[in-house]
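**Q** Structure below; questions to follow.
What follows is calculated from the coordinates using simple rules that are stated; it is not laboratory data. As the structure is a computational prediction, the values presented were derived from the model and not from experiment. Heads up, the Cβs are rebuilt from the backbone with ideal geometry, glycines too, and the neighbour counts pull from every protein chain shown.
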Amino acid sequence: MTEYSTLTDFIGVYMSSLKHMETMLSQPMRQFGISFEQWLIMASISHSEQPLTLTEIAAERDVTKGAVGRQLKPLLELKFITQTPDEKDRRRIFLALTTEGQRVEAEISKRVKARSKQWIDAFGLEEARELLRGVHRFDDLIMQPALNGENIEKL
């Protein structure tokens with residue numbers, strides 16, 4: 001297989017599936033009017049043993065506080081999340097799921113787990129793990145250096 005045919009195959013896979021992955025991943029959230037990223041925030045809050053702040057979520061996700069703030073606004077409007085100032089430091093705001101937020105997050109998580117099981121059943125656990133190893137390697141060797149401004153081309 002030549003480098004060109006490998007590139008052509010990669011572009012074909014991108015156009016037929018990778019490009020649409022976020023849309024597919026977001027399907028279980030649509031009924032509740034939230035995005036995949038918003039559900040990830042809710043899941044982080046739900047699974048944390050300690051109350052989380054916007055700053056901690058931003059650091060965990062490696063995004064700006066502004067990006068998390070934009071994702072939180074609709075969750076607050078939908079009354080899925082509450083904000084409570086820290087009694088010791090009023091500048092720190094703790095995030096918590098409301099009862100409805102807990103219900104929605106649990107329902108979405110149930111759907112995501114069921115979908116994941118379907119994928120693994122169809123693909124096979126070992127082949128799924130092998131694919132993930134390859135994707136992680138691609139991320140480590142290609143995507144992260146490029147996103148960090150490192151020149152990966154050998155000119």
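**Q** DSSP loop GluC sites (Glu not before Pro) in segment 56-134 with at most 12 other Cβ atoms within 10 Å of their Cβ, which ones?
**A** GLU87
**Q** Counting trypsin sites (Lys or Arg not before Pro) as exposed when in a DSSP loop with at most 15 other beta carbons within 10 Å, what is the longest stretch of the chain free of them?
**A** My reading of the result: 1-78 is the longest stretch.
**Q** By a straight-distance test (C-alpha under 24 Å), which lysines pair with LYS88 as possible cross-link partners, with residues fewer than eight away in the same chain excluded?
**A** Reachable lysines: LYS65.
**Q** Here's a follow-up. Once the dipole of the chain is set up with Lys and Arg at +1 and Asp and Glu at -1 on Cβ about the Cα centre, which of SER5, LEU97, GLN144 lies farthest towards its positive end?
**A** LEU97
**Q** Ranking MET42, MET24, MET29 by Cβ neighbours within 10 Å, fewest first, what do you get?
**A** Ascending Cβ contact count within 10 Å gives the list MET24, MET29, MET42.
**Q** Please order ILE11, ILE45 by the number of other Cβ within 10 Å, starting at the fewest.
**A** Neighbour counts put them in this order, fewest first: ILE11, ILE45.
**Q** Once you've got the GNM for the chain with C-alpha springs shorter than 10 Å, pick whichever of SER116, SER46, SER26 has the biggest mean-square fluctuation.
**A** Residue with maximal mean-square fluctuation among SER116, SER46, SER26: SER116.
**Q** Which entry in (i) 14; (ii) 66; (iii) 40 is this structure's computed percent of Cα pairs over 27 Å apart?
**A** Correct label is (iii).
**Q** What net charge is computed for the residues neighbouring GLU56, neighbours being all others with C-beta under 13 Å from the C-beta of GLU56, Lys and Arg scored +1, Asp and Glu -1?
**A** For residues surrounding GLU56, the net value is -1.
**Q** A further question on this structure: Taking 30 Å as R0, compute the FRET efficiency from the Cβ-Cβ separation of HIS47 and ASP89 and round it to 0.05.
**A** 0.80
**Q** A further question on this structure: So if I take the centroid of the Cα atoms in segment 5-28 and the same for segment 98-141, what is the distance between those two points in Å?
**A** First find each Cα centre; the distance between them is then 16 Å.
**Q** Summing Lys, Arg as +1 and Asp, Glu as -1, what charge do residues with Cβ under 13 Å from the Cβ of ARG133 carry, ARG133 excluded?
**A** Net local charge, ARG133 excluded: -3.
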